[in-house]
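The values are calculated or read from the model by the stated rules, or taken from the named source; none is laboratory data. As the structure is a prediction and not an experimental result, all values here were calculated from the model. Glycine gets a Cβ as well: all are built from the backbone with ideal geometry, and neighbour counts include every protein chain shown. Ligands, DNA and RNA are excluded from the accessible area calculation, which covers all protein heavy atoms including side chains. Shrake-Rupley method; radii C 1.70, N 1.55, O 1.52, S 1.80 Å.
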Amino acid sequence: MDKNTLWAIALSTLVIIAAFVLQPIFFKGKITDATPVIEETVNPETAEATTELPEVSELIGKSETVEETSLEVIPEEVITINTNLAEIKLTNKGGDIISYKLVKHIDTATKEGIQISDSVSENNRTCAIAFGPAETKIINETFNVNYDEAKKEVMFTKPVMVDGKKYIVGKRYSFKDDEYVFKLEVLIHSDDGTGMNNNGVAYTIRTAPQIGPHFNAKRDRYENRQFVTFNGSKYKKIILGQNQGLKSFDKDYLWAGIAGKYFVELVIPSASETMGSAYYTTVIEQNDYANAQALLTRKAFTGSDVSDTYYMYFGPRNDKELKRYNVAETNGWGIGGKKVSNCLQSNQMLSWLEAILKVCLEFMHKFIKNWGVCIIILTILLKLVMFPLSKKQSLSTLKMQQLQPKIQAIQAKYANDQQKQQQELSKVYQEAGYNPASGCLPMIFQFLVLLAMYNLFNNYFEFRGSMFIPGWIPDLSVGDSVFEWEKDIFLISSFTANNLRILPIIYVATQLLYGKITQYGGAAQGQNSVSMKFMTYGMPLMFFFLFYNAPSGLLLYWTVSNIFQMIQQIIINKMMEQKKAEIANGGDPNKKLPPKAKAKAKKTNTKNVSKKL
């Protein structure tokens, strides 16, 4: 090596040493915004695993001060973790989640896993933290990363300054295979031991800005977003509007979150007593798509250290998965007693009836692997069970018609004496063996079944993506479609969602026909005639517009119900005509007609039914 080369190496070494020594002295705190950010994806299969993540005591016991580490430039990293059920991407920018795909549930629009962490932006990410109240901006600094691949745990740590005070902040995520729940620990060390307090709040933690799949609120009338919460005894659901600012929920809760029709995000604090007010918002932040986000505040704390644990359920809104987390022994996290399945999409008053119907439906599906066929069979079975009630209601109506002359006479005679009127009416009912409530009870029961079936078939998770008839009804959770067009048509597109559907037309046709058949009582007069015509023709046409985009599983149930009820009504009409003929013949509905008169009544009844059809 020549002399000039040796001198060059020596001088270069001195320059490098001088730069390291003098730079902190003369350029302290002068890091510019031009510092490049390096994005790096860490593959769990190739990333080097650490032997053990730092414990809480190690985190809060760090010797570095905020001043000593504030100059450190940390490149941005993206860590990818797979749990068999989800693919999760975390960034060390804020220590947040930027993608959470449920790999076993496919989005029909993207053909990929459902994106639970939707609408993420630079200023709003899933599980982001803001120091202070809900309106405070989230942490946007990059954290140090410590990743344990074997344990599926990631620790993000960062010394920060908040209102002139020094803190060391840690966020530790823990994931498990085959679990829709993950654990998030928020660890904060107060350097001066005074804790953290900003108007009674330490920090705010949030769900994803929006929960997938993507939906158009103007077209998808049977989809919505809800803020859900449970306080240990009462479940609360608030349907969210569009582009609403921050709304507060100032009641206690064991858990809270955001739910769509088929998926839900729940935040379950391990110590709910430390939580402050909850908030929800649907502001539009990007791409003209409203958020649907919950923000939960943590109460202020005193002292040096705090360690908060949150269990986050990001998954399907169905019985099978949610009920696992009701009992500690049935899930890998040991979560129990929180009643998370209360967030299921059901009518709380009729949940017992829905549960019975669901069991019947699922039992049939063990043998018949087509949910559409199961809907048809269950509907027919229900109609058979309720036929005696329908028959009883019709016969009760007939008896009421027979008693009308006596009832009207009593009402006219005792028009000014209501007490006497009721006494005389009771005598008439008792003598005739008629109970006025007998016609109402069957109607109430059928109405309850109708409500339970509506809620079940409109929200049943298993219908999502389930095919009934290829090319016509490929998904029972959405409307059928025989033709779809792309270009919007004024007024028509907002109503049809750019789809030509056949099932709503069939449904309305059966409804109109059923209305004609039920008019066995003769032509109504005056105002009653107008009301009857509206019920027969007006209501079905209204239903056509209301239910055009209804889930095909729900419309299939209504259509089959109408068809089978028409058959039942034809049978009941025959019985009614026979009873009328018996009454006209002898004045007694229980009196039997002679064989010839009976045959004549049967023939007359057949003609009447044929005319109505």
When you scan segment 116-131, do you find a residue that is basic (Lys, Arg) and open to solvent by 50 Å² or more (accessible area, probe 1.4 Å), even just one? no
Within segment 499-515, how many residues turn out to be at pLDDT below 85 and touching a Phe, Trp or Tyr at 6+ places or on another chain (Cβ under 6 Å)? 0
Condition test on SER248, is it open to solvent by 80 Å² or more (accessible area, probe 1.4 Å) and not acidic (Asp, Glu)? no
Residue satisfying all of: in segment 455-472; open to solvent by less than 50 Å² (accessible area, probe 1.4 Å) and among the aromatic types (Phe, Trp, Tyr); modelled with the lowest pLDDT among these: PHE457
Please state which of the following conditions ALA259 fails to meet, knowing it meets all the rest: (1) at pLDDT 95 or above; (2) of a type in the set (Gly, Ala, Ser); (3) farther than 30 Å from ASN459 by Cα. (3)
Looking only at residues that are crowded, with 16+ Cβ neighbours inside 10 Å and of a type in the set (D, E, K, R) in segment 473-492, which one is nearest to CYS343 (Cα to Cα)? ASP475
Of everything in segment 95-115, what is in a loop (DSSP other than H, G, I, E, B), of a type outside the set (Asp, Glu) and modelled with pLDDT under 95? Give them in sequence order. THR108, ALA109, THR110, LYS111
For segment 305-341, which positions are open to solvent by less than 20 Å² (accessible area, probe 1.4 Å) and part of a strand (DSSP E or B)? VAL306, ASP308, TYR310, MET312, TYR313, PHE314, GLY315, PRO316
Conditions (1) within 19 Å of THR207 (Cβ to Cβ); (2) in contact (Cβ under 8 Å) with a residue 60 or more places away in the chain; (3) open to solvent by 20 Å² or more (accessible area, probe 1.4 Å); number of the one not met by LEU344: (2)
Failed condition for ARG225, given (1) in contact (Cβ under 8 Å) with a residue 60 or more places away in the chain; (2) open to solvent by less than 30 Å² (accessible area, probe 1.4 Å); (3) within 21 Å of TYR311 (Cβ to Cβ), with all others met? (3)
Scanning segment 79-101 for residues that are open to solvent by 10 Å² or more (accessible area, probe 1.4 Å) and of a type in the set (Val, Ile, Thr) gives THR80, ILE98
Restricting to segment 83-94, name every residue that is more than 15 Å from ALA208 (Cα to Cα) and part of a loop (DSSP other than H, G, I, E, B). THR83, ASN84, LEU85, ASN92
Members of segment 357-372 that are open to solvent by 50 Å² or more (accessible area, probe 1.4 Å), assigned to a helix (DSSP H, G or I) and of a type in the set (A, V, I, L, M): VAL359
SER117 versus (1) touching a residue at least 40 places away in the same chain (Cβ under 8 Å); (2) in contact with an Asp or Glu (Cβ under 8 Å, 6 or more places away or on another chain): which is the lone unmet condition? (2)
With criteria (1) at pLDDT 85 or above; (2) touching a Gly at 6+ places or on another chain (Cβ under 8 Å), MET535 comes up short on (1)
So, in segment 384-430, exactly how many residues are open to solvent by 50 Å² or more (accessible area, probe 1.4 Å), over 19 Å from LYS574 (Cβ atoms) and in a helix (DSSP H, G or I)? 18
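Select, from GLY170, GLY200, the only residue that is under 27 Å from THR302 (Cα atoms), in contact with a strand residue (DSSP E or B) (Cβ under 6 Å, 6 or more places away or on another chain) and loosely packed, with under 15 Cβ neighbours inside 10 Å.
GLY200
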Select from segment 565-587 the residues that are open to solvent by 60 Å² or more (accessible area, probe 1.4 Å) and either modelled with pLDDT of 80 or more or acidic (Asp, Glu) (or both) and list them in ascending order. ILE567, ILE571, LYS574
